[in-house]
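See structure below.
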């Protein structure tokens, strides 16, 4: 039987908010590249936007990704600020 997407629900197809995914990816990139302040800052911003959008729309997924992106963005920002504080 061939695989088709007909009749699948939104939850089954794995839809998630783009801001949540972007927050998670930038948070992951932001920790090892903590010398740059922009990826952790964008991870925090996109995570907050995505979390607010997911909270308004109960059917959309990505709440955990938004929270993880915010946490990793904060960790990356703290590492970056610690590095910059040592230079000055």
Quiz item: Working out 0.36 nm times the residue gap between residue 55 and residue 83, then minus their Cα-Cα distance, what length gain in nm do you get to one decimal?
Solution: 6.6 nm
Exercise. Order these peptides, 21-27, 62-68, by their mean beta-carbon neighbour count within 10 angstrom, highest first.
Key: 21-27, 62-68
Quiz prompt | Sorted largest first, extent of the stretch 16-87 alpha carbons per principal axis (Å) | solution = 46, 15, 14
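Values quoted throughout were computed directly from the atomic coordinates according to the rules given, and no laboratory measurement underlies them. Bear in mind the structure is a predicted one, so any value in this text is a computation, not a measurement. Here Cβ is always computed from backbone atoms with ideal geometry, including for glycine, and neighbour counts include all displayed protein chains.
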